[in-house]
1. Which of these, A:Gly60, A:Gly89, A:Gly30, has the largest mean-square fluctuation under a Gaussian network model of chain A (Cα springs below 10 Å)?
2. GNM on chain A, C-alpha springs below 10 Å: top fluctuator among A:Ala92, A:Ala29, A:Ala59?
3. Under a 10 Å cutoff between Cα atoms, tell me which one of B:Ile52, B:Ile17, B:Ile111 has the largest fluctuation in the Gaussian network model of chain B.
4. Is the shape of the stretch B:33-99 best called rounded, prolate or oblate, per the rule: a/c under 1.5 gives rounded, else a/b larger than b/c gives prolate, else oblate, with a ≥ b ≥ c the square roots of the Cα gyration tensor eigenvalues?
5. Using 1/(1 + (r/R0)^6) with R0 = 41 angstrom and r between the beta carbons of B:Asp130 and A:Asp130, what's the FRET efficiency to the nearest 0.05?
6. Put a label point 7 Å from Cα along the Cβ direction on A:Ala59, then list its distances to the equivalent points in the other copies in nm, shortest first.
7. Any idea which of B:Val9, B:Asn35, B:Leu119 is furthest toward the positive side of the dipole for chain B, if Lys and Arg beta-carbons carry +1 and Asp and Glu beta-carbons -1?
8. Determine the distance separating the Cα centre of the stretch A:75-124 from the Cα centre of the stretch A:1-74; give it in Å without decimals.
Number of protein chains: 2
Amino acid sequence: MAISTRFSVGIHILSLIATDEKMTSDLIAGSVNTNPVVIRKIMSMLKKADLIEVRPGVAGARLARPLSRITLLDVYHAVAVVPDKELFGVHAAPNPDCPVGRNIQSTVTPIFELAQSALEKVLAHVTLDDIVSEIEQKEASSS
Amino acid sequence: MAISTRFSVGIHILSLIATDEKMTSDLIAGSVNTNPVVIRKIMSMLKKADLIEVRPGVAGARLARPLSRITLLDVYHAVAVVPDKELFGVHAAPNPDCPVGRNIQSTVTPIFELAQSALEKVLAHVTLDDIVSEIEQKEASSS
DNA sequence: AGTATTTGTAACTATATTGGTTACATGTAA
DNA sequence: TTACATGTAACCAATATAGTTACAAATACT
């Protein structure tokens, strides 16, 4: 299964907030093309991860830190698209009476961790600033 | 969501076949600790991907190529844990009337592809031979 | 003060995937 | 021909996703 679109939606939301702090969940939902509650739920995750500041009743949101200090990895973790650091599932209880069964987990897990951290490293090296700049650039060159 | 355990089970299955070609789905299920049908379904995928040779009615299976020429990436693709090359889901129809909406997909997709290929590169560089050798080493040193 | 607007959740839905299970047809070999 | 294996179909429970309705609580504006 693919990693949830919550991740790309999260990036979308933050990009919008970056360009306009008066973005309501309704407006954001219009840009993402989904339901406002979906947006609010994701924003709630972004808030819990201290990426944005939102207050009940008051329209819009603010980034909790500068764009250049929010990485895609931060967003990735914030929207919890992957169960606490375990991208790869490993079958739980292989037979300890079998040479393969009793060693497969400890053999495979470090490789999975390598692969996972290779992926996360890429995400960690891209900031929201990169995203927003790229979007602005595309807008400028298409005018 | 985590990547399906079909992947780690697939590696488990192939490791068993590598050490004993007379492994039936029942025996393998005993080592993996699951139902034989689960094993047969995964073996069916491994067969379709030309990683193993199995014949209905005849017990066991053979590797279709040497251990050293089967990578974890081959297995990963074979068991289809990820929808055809798209590890990251991207929300489908953002609003084209919004600067962010109309550019988010094309901005984010290449980054996702980078991250995905970083992950796959790690998997491509590990062969089943590495896995089996590691297991044998652990067995030898624990005796 | 009171109304309108917004966030924050709870609760529910439809859909899909996972992992497991039973049942059985088909193929092979002793 | 008996026994055993593979190959699938069909089904199940549990879970995740994405969307939706409904509504409480907080805030802002007139």
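Every read-out reported here was derived from the displayed coordinates using simple, explicitly stated rules and does not represent laboratory data. Fair warning: this is a prediction, and the values are worked out from it, not measured in the lab. Cβ sites come from the backbone with ideal geometry, for glycine too, and all protein chains shown count toward neighbours.
1. Fluctuation is largest for A:Gly89.
2. A:Ala92
3. B:Ile111
4. On the way: a/c = 3.91, a/b = 2.42, b/c = 1.61.
The shape class here is prolate.
5. 0.70
6. When each copy's label point is compared with this one, the spacings are 7.4 nm.
7. B:Asn35
8. Cα centroid of the stretch A:75-124 versus Cα centroid of the stretch A:1-74: 28 Å apart.
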